[in-house]
1. Tell me the residue from 110, 114, 51, 83 that is assigned to a helix (DSSP H, G or I), closer than 30 Å to residue 354 by Cβ and open to solvent by less than 20 Å² (accessible area, probe 1.4 Å), please.
2. Any residue in segment 16-35 that is under 18 Å from the mean Cα position of the chain (by Cα) and open to solvent by 30 Å² or more (accessible area, probe 1.4 Å)?
3. Could you list, ordered by first residue, the pairs with Cβ atoms under 8 Å in which the first is in segment 59-70 and among the charged types (D, E, K, R) and the second is open to solvent by 30 Å² or more (accessible area, probe 1.4 Å) and part of a loop (DSSP other than H, G, I, E, B), at least 6 apart or interchain?
4. Modelled with pLDDT under 95 and more than 26 Å from residue 285 (Cβ to Cβ), is that true of residue 177?
5. Can you tell me how many residues in segment 117-130 are under 19 Å from the mean Cα position of the chain (by Cα) and either under 19 Å from residue 216 (Cβ atoms) or open to solvent by 10 Å² or more (accessible area, probe 1.4 Å) (or both)?
6. Could you list all residues from segment 172-214 that are open to solvent by 80 Å² or more (accessible area, probe 1.4 Å) and assigned to a helix (DSSP H, G or I)?
7. Output the qualifying pairs, or none if there are none: Cβ atoms under 6 angstrom, residues six or more apart or on different chains, first residue in segment 90-109 and farther than 16 Å from residue 194 by Cα, second residue open to solvent by 10 Å² or more (accessible area, probe 1.4 Å) and in a helix (DSSP H, G or I).
8. For segment 39-47, indicate whether the set of residues that are modelled with pLDDT of 95 or more, surrounded by fewer than 22 Cβ atoms within 10 Å (Cβ to Cβ) and outside any helix (DSSP H, G or I) is non-empty.
Amino acid sequence: MSAQHPFLTHKKFLLGTFSTNCGGGMTVSKLPERWRANWDNNLKLAQMMDAAGMDFMLPIARWIGYGGETDFHGEVLETVTWATALLAHTQKLTIFATVHTSANHPVVIAKQIATMSQIGQGRVGLNVVAGWNKPEYEALGLTLPDDHETRYGYAQEWFDFIQKIWKETSAFDWKGQYFNTKGTYGNPRPQVLPPIINAAGSPQGREFAVRNANFLFTPAIDLARSKEEIDDLKQKAKAAARQIDVMTFSHVICRPTEAEAQAEWQRLQDNADWVAVDNLMRLQLAHAQSFPHDLLQQIRALFAAGHGGFPLVGTPQQIADKIVSLHEAGFRGTTLSFLDYVKEFPYFRDTVLPLLSQRGIR
């Protein structure tokens with residue numbers, strides 16, 4: 001097995017997309033042209049991104065939507081099958097599978113990732129979700145533990161078990177708090193260990209990410225705060241003899257003029273599914289700590305257009321400047337979302353990517 005995944009050796013600022021497997025993407029909108037998360041759209045986008053030299057695609061694992069008029073994220077392609085198919089139809093992109101630890105047995109996931117690694121010549125990544133969305137647990141007949149210690153204790157054993165399956169060359173017995181197996185082994189194993197993403201806001205979640213992940217995924221709202229947060233995480237990882245990078249997510253409205261971009265931003269606000277927005281924010285506030293709670297109510301508009309992501313709104317030059325500001329704050333990369341990814345990505349590709357190359361971060 002090779003020592004390191006190529007995704008981890010890139011020097012450029014990483015750019016990918018987020019949530020294209022989910023209806024609406026990252027835009028909680030009633031507009032009829034909002035993103036449809038069907039296979040044809042995802043395949044078109046993946047192949048455009050592959051040809052453009054983009055780096056990755058990251059899905060959200062959802063089981064039920066957020067209600068409202070549109071039932072935002074009610075239409076969802078399951079992430080393991082989605083990623084497997086995209087790996088078979090692309091050449092360079094790293095495709096992540098997003099997996100809830102509570103709903104997926106580690107022996108099964110270890111085998112699925114190994115299979116995907118063969119299909120994609122090692123280009124698969126894994127986004128580990130310890131759980132936060134209580135209604136989804138209920139829809140699966142599961143109980144969401146109230147405390148983060150239990151959630152991440154389970155996730156740690158789950159991940160340790162998978163790592164052992166990938167590394168051991170002979171059968172072994174696993175005797176843990178949550179899993180007890182006999183004669184377990186993995187054949188084949190991944191061609192290369194996949195890069196690991198984890199989104200966490202609680203102290204227990206951050207500790208899990210520092211111990212296990214290559215990338216912590218977190219919002220960027222106040223870049224001065226982000227810089228301090230990133231520096232602190234990197235110091236904690238260094239103290240644990242590890243290295244971790246931090247990525248964030250952004251929403252793109254790129255237009256030839258600033259006035260056009262701002263008009264589109266306002267159009268998204270005027271056509272937001274506010275019931276779904278408030279349901280989403282209420283769940284984030286109740287069960288997750290990814291967003292700073294002292295800022296959550298201030299950023300309702302960002303949830304409508306971008307699920308709370310960093311707003312990249314403006315001309316190509318303005319957007320390039322904002323992406324550079326993310327890089328300067330210490331982020332290793334960002335995902336991008338659009339109202340309609342297939343329609344809007346080509347303009348971003350043709351106008352913003354060359355500017356980022358000129359600025360030396362791509």
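The values are calculated or read from the model by the stated rules, or taken from the named source; none is laboratory data. Predicted, not measured: the structure shown is a model, and the values here were computed from it. Cβ: placed from backbone, ideal geometry, glycine included. Neighbour counts: every protein chain shown. We work out accessible area using only protein heavy atoms, side chains counted, and drop any ligands, DNA or RNA first. Shrake-Rupley method; radii C 1.70, N 1.55, O 1.52, S 1.80 Å.
1. On the way: 110 fails: closer than 30 Å to residue 354 by Cβ; 114 fails: closer than 30 Å to residue 354 by Cβ; 51 fails: open to solvent by less than 20 Å² (accessible area, probe 1.4 Å).
Exactly one of 110, 114, 51, 83 is assigned to a helix (DSSP H, G or I), closer than 30 Å to residue 354 by Cβ and open to solvent by less than 20 Å² (accessible area, probe 1.4 Å), namely 83.
2. Among the residues of segment 16-35, not one is under 18 Å from the mean Cα position of the chain (by Cα) and open to solvent by 30 Å² or more (accessible area, probe 1.4 Å), which makes the answer no.
3. Matching pairs, first to second residue: 69/30.
4. On the way: modelled with pLDDT under 95: no; more than 26 Å from residue 285 (Cβ to Cβ): yes.
Criteria not met by residue 177.
5. 7
6. Within segment 172-214, 203, 207, 211 meet the criteria.
7. As it stands, the answer is 90/50; 91/50, since those pairs meet every condition given.
8. No; the residues of segment 39-47 include none that is modelled with pLDDT of 95 or more, surrounded by fewer than 22 Cβ atoms within 10 Å (Cβ to Cβ) and outside any helix (DSSP H, G or I).
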